[in-house]
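J.: Quick one: this structure, given as structure tokens, is what I'll be asking you about.
Just so it is clear, none of the values below were taken in a lab; they were calculated from the coordinates. Everything numeric here is computed off the predicted structure, so don't read it as measured data. Note that each Cβ is placed from the backbone with ideal geometry, even for glycine, and that neighbours are counted across all protein chains shown.
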Amino acid sequence: MSRWLITKHLRHIFLVFLMFNLLIFQPELSQAQESMQYLFEQALVASKEGDLLNALSRWDKFLDLFPNDAAALSNRGNIRLALGDPTGAVLDQTKAIELLPFEADSYLNRGIAEEALKQWDEAESDYQWVIDRDPEDSAALYNLGNVKLAQGQWTQAQAFFQEAFLARPGFVMARSSESLVNYQLGDLDKAESELRILIRKYPMFADARAALSAVLWRKGLIGEAESNWAAVLGLDNRYSQSEWLLNIRRWPPRPSQDLMAFLSLENP
């Protein structure tokens, strides 16, 4: 009997001790959660505003305190990529995947960084992982199209761009990329028709107007090409940069070369 009483007494003391500690430490836990949320939101705001160096600093600070936060790692990886550090971006996205292995965004983000490093097989593997789980993920389909385009696999690239547009009908860049592959394959009439449809629906879409300028120049319709190009200059002057066109926007070589020839006032 005495042994039972002692055990019961100790149990009572333990419960009192536990309740006391919960009362003491619960506010501290709440403050830590509030601090974590505040730091995360500040880093996210800087990222959304395009304040890249400040965003990187804030993500670094957050991850010093919370090193196993997968979302923060993935966000910092995106900032690192934007600042020209694709290797650091891959490292962050890989760690995020290790922490949350079924989060599709980290695979997509890592694939983009791998593309920047010209690691085509690795990028394809990441995009395919997403597509295997969601065959209508338009971003993964489009990105995989870009990988195939970079490898010169035109018909495969065309198929992925088409699937991306079917999965998301408002995905005009996918439609424009499909038209550019038609251009690369020599079907200028089809490319022109598709680009004109895009421009009628989205008159401020610089990519389609730039591509149409190249098509029209190739067909000898210089005046109309110049008219469309004037609109492009008012929308996005990066299309005059060959390196950006080929390596960032990822146009195929034939339309890229034609547009540069048009801008150089060469004859078609």
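J.: Where in the chain is the longest stretch that carries no GluC sites (Glu not before Pro) classed as loop by DSSP and with at most 13 other Cβ atoms within 10 Å? Display every interim value, and only then the final one.
T.: On the way: sites that count: E49, E136, E266.
In the chain, the maximal stretch lacking such sites is 137-265.
J.: How large is the translational diffusion coefficient of the range 219-268 in µm² per second when you combine the Kirkwood radius over alpha carbon pairs with Stokes-Einstein at 10 °C and 1.306 mPa s?
T.: Estimated diffusion coefficient is 140 µm²/s.
J.: Among the aspartates and glutamates, which fall within straight-line cross-link reach of K148, defined as a Cα-Cα distance under 13 Å, with same-chain neighbours fewer than 8 residues apart omitted?
T.: E115, D121, E122, E124, E178
J.: Moving on. Any lysines with Cα under 20 Å of the K201 Cα? List them, leaving off those in the same chain fewer than 8 positions away.
T.: K190
J.: Of all the C-alpha pairs in the range 114-209, what % are more than 17 Å from each other? Don't skip to the end; give the middle numbers.
T.: Working: 2296 of 4560 pairs.
Value for the range 114-209: 50 percent of Cα pairs lie more than 17 Å apart.
J.: List the equivalent ellipsoid semi-axes of the range 139-268 in whole Å, largest first, each obtained as the square root of 5λ for an eigenvalue λ of the Cα gyration tensor. Please list the in-between numbers first.
T.: Numbers: eigenvalues 96, 48, 36 Å².
Taking √(5λ) for each eigenvalue gives 22, 15, 13 Å, largest first.
J.: When the dipole is taken about the Cα centre of the range 103-160, and only Lys, Arg (+1) and Asp, Glu (-1) are charged at their Cβ, what size is it in debye, to the nearest 20? Write out the running numbers ahead of the final one.
T.: Values: 4 positive and 12 negative charges, 57 e Å.
In debye, rounded to 20, the range 103-160 gives about 280.
J.: Sticking with this structure for a sec: Only one of the listed values, [x] 18.2; [y] 21.7; [z] 19.1, was derived from the coordinates as Kirkwood radius over Cα pairs in Å; which label is it?
T.: Derived directly from the coordinates: [y].
J.: Mind sorting K61, K48 by how few other Cβ atoms lie within 10 Å of their own Cβ, fewest first? Walk me through the intermediate numbers first.
T.: On the way: K61 13, K48 9.
Listed from fewest to most nearby Cβ atoms, that is K48, K61.
J.: Turning to a different aspect of this structure: Can you tell me the FRET efficiency between K61 and L235 if r is taken as the Cβ-Cβ distance and R0 is 41 Å, rounded to the nearest 0.05? Intermediate values should be presented prior to the final figure.
T.: Numbers: r = 38 Å, r/R0 = 0.92.
Approximately 0.60, to the nearest 0.05.
J.: I've got another one for you. Using helices alone, I'd like the mean residue ellipticity at 222 nm for the chain: each DSSP H run of four-plus residues gives -39500 (n - 2.57), total over residue count, nearest 500. Could the numbers behind the result be given before it?
T.: Numbers: 14 runs with 213 residues, N = 268.
One gets -26000 deg cm²/dmol as the mean residue ellipticity at 222 nm.
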